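Colleague: Structure provided below as structure tokens; questions to follow.
The values are calculated or read from the model by the stated rules, or taken from the named source; none is laboratory data. Because the structure is predicted, anything quoted here is derived from the model rather than measured. Glycine also receives a Cβ, built like all others from the backbone with ideal geometry; neighbour counts cover every protein chain displayed.
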Amino acid sequence: MDANVKSGSKFPLNHREVVGASMVLLGFAAGLLGVYLTMPSSDYSFLKLPRTLDDLQILRDGLEGYTSDYTLQVLIGYCMVYIFMQTFMIPGTVFMSLLAGALFGVLKGVALVVFTATAGASSCYFLSKMIGRPIVFCLWPEKLSFFQAQVARRRERLFNYMLFLRVTPTLPNTFINFASPIVDVPYHTFFLGTVIGLIPAAFVTVRAGIALGELQSIGDLYDFQSIATLFFIGVISVTPTLLGDNQS
């Protein structure tokens with residue numbers, strides 16, 4: 001790991017960084033409160049972040065009755081929750097992707113998931129620029145070293161490498177979002193790799209959400225054909241980078 005990363009190993013966060021992160025958190029809270037206040041009076045005990053498929057089915061059943069009459073509020077609330085989870089690396093966005101399919105169908109669901117996942121990844125990227133260096137160094141020092149070496153090695157074809165990472169589970173998406181600005185991945189490369197690379201997995205997940213009742217576990221999302229397809233797309237995306245390495 002180079003001196004640039006080592007120099008950022010201070011921890012905990014300073015006062016300015018804590019205030020900045022708190023302001024982002026309060027912004028999400030205010031937005032969600034605004035959505036809640038515009039909904040009709042009702043029992044919203046079903047509203048909670050889903051952690052299991054049973055939780056998700058309860059949430060789907062509860063929101064179905066509101067989606068047609070309060071489409072805008074449901075969309076805004078969905079987007080804010082998804083982006084919030086991505087920004088602060090809260091696990092469970094796969095359930096939100098399934099919910100998009102269950103509520104909005106394949107085409108609208110894929111568009112919604114790609115939009116919110118890209119917006120959330122971007123939000124996490126910029127939050128990391130503000131407070132991420134000490135955090136990522138403390139949480140993932142070995143992964144950070146590996147990622148930094150790979151980015152430096154593939155600098156000339158970085159888009160292909162980022163596309164490969166998004167399509168395949170080589171590195172966790174939460175780590176990619178948070179570590180990318182630390183290892184100097186330009187935002188335009190990060191953005192394009194994210195918005196394009198997330199489409200295949202989003203399609204698989206959203207499509208599964210339509211038949212939510214048939215899922216027994218999250219593992220049922222990815223059968224052999226789906227996994228093989230994602231890896232094939234990943235290999236195609238990274239091939240120009242590998243050819244460039246061999247030529248050099």
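Colleague: Only one of these conditions is not met by SER97: (1) within 29 Å of LEU33 (Cα to Cα); (2) among the small types (Gly, Ala, Ser); (3) over 12 Å from the mean Cα position of the chain (by Cα). Which number is it?
Modeller: Just one mismatch for SER97, condition (3).
Colleague: Give segment 110-139 a look and list any residue that's among the small types (Gly, Ala, Ser) and either at pLDDT below 95 or surrounded by fewer than 22 Cβ atoms within 10 Å (Cβ to Cβ) (or both), or say none.
Modeller: Within segment 110-139, ALA111, ALA119, SER122, SER123, SER128, GLY132 qualify.
Colleague: Moving to a separate point now. Within segment 43-99, track down each residue that is of a type in the set (A, V, I, L, M, F, W, C), assigned to a loop (DSSP other than H, G, I, E, B) and surrounded by fewer than 19 Cβ atoms within 10 Å (Cβ to Cβ).
Modeller: Within segment 43-99, PHE46, LEU47, LEU49, PHE88, ILE90 qualify.
Colleague: Residues that are in contact with a Leu (Cβ under 9 Å, 6 or more places away or on another chain) and modelled with pLDDT of 90 or more: does segment 64-74 have at least one?
Modeller: Within segment 64-74 (the criterion being in contact with a Leu (Cβ under 9 Å, 6 or more places away or on another chain) and modelled with pLDDT of 90 or more), the answer is yes, since at least one residue qualifies.
Residues checked against (1) over 30 Å from ASP54 (Cα atoms); (2) modelled with pLDDT of 90 or more; (3) surrounded by 18 or more Cβ atoms within 10 Å (Cβ to Cβ):
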residue	(1), (2), (3)
GLU156	yes, no, no
THR170	no, no, no
VAL204	no, no, yes
ILE210	no, no, no
ILE227	no, no, no
THR241	yes, no, yes
ASP245	yes, no, no
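Colleague: Same structure, new question: Identify the residue in segment 19-42 that is in a helix (DSSP H, G or I) and among the polar types (S, T, N, Q) and, among all such residues, is nearest to ALA211 (Cα to Cα).
Modeller: Checked segment 19-42; the qualifying residue nearest to ALA211 (Cα to Cα) is THR38.
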